[in-house]
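Since the structure comes first, as structure tokens, the remarks are kept for the end.
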Amino acid sequence: MQQDCCNIHTKKGKGVGQVSGYLRALNEPNRLKILCLLKQGERCVCDIFEPLGLPQNLVSHHLKALRDAGLIDYRKEGTKVIYFRDEKAIANFQKLLKDVMSV
């Protein structure tokens, strides 16, 4: 008998694919640090790269990966790009992870 998480046609099986995508994006310590910084509020790149001690272009690369995964979003404020966590997506990830990992 096939388990729900192994069958891609079940809700749990589809959740496995989504969790895998989130985990790929989070499989980099600097991305977790960025999410932690954004937990404190919205920030532009200049307010992210300095506390992390990383080059601005590397932080921009990590921000793009987090955006592509749907974990953060941004808005433009003049010439600045302001990044913030997508709390709804993060809550969805937490729920999916719990569903996939539960017995």
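Values computed for the structure shown
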{"item": "Karplus-derived HN-Hα couplings along the stretch 79-86 (A = 6.51, B = -1.76, C = 1.60, θ = phi - 60°), whole Hz, x at Gly and Pro", "result": "8, 8, 10, 9, 9, 8, 6, 8"}
{"item": "Global geometry of the stretch 26-90, whether rounded, prolate or oblate, following the gyration tensor of its Cα atoms and the 1.5 cut on a/c", "result": "rounded"}
{"item": "In degrees, nearest ten, helix 11-26 long axis to first principal axis of the chain (Cα)", "result": "30 degrees"}
{"item": "Gain on full stretching of the segment that runs from Lys98 to Lys64 - 0.36 nm per residue minus C-alpha separation", "result": "9.7 nm"}
{"item": "Percent RCO, i.e. relative contact order, over the chain, from Cα pairs under 8 Å lying at least 6 residues apart", "result": "31 percent"}
{"item": "Residues whose placed amide H lies under 5 Å from that of Leu71, excluding near-sequence neighbours", "result": "none"}
{"item": "Approximate spin-label separation Asn30-Ile82, in nm, with each point projected 7 Å along Cα-to-Cβ", "result": "2.5 nm"}
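Throughout, read-outs are computed from the coordinates displayed, never taken from laboratory work. Just so we're clear, the structure is a prediction, and the values are computed from it rather than from any experiment. Every residue, glycine among them, receives a Cβ derived from its backbone with ideal geometry; neighbour counts consider all protein chains shown.
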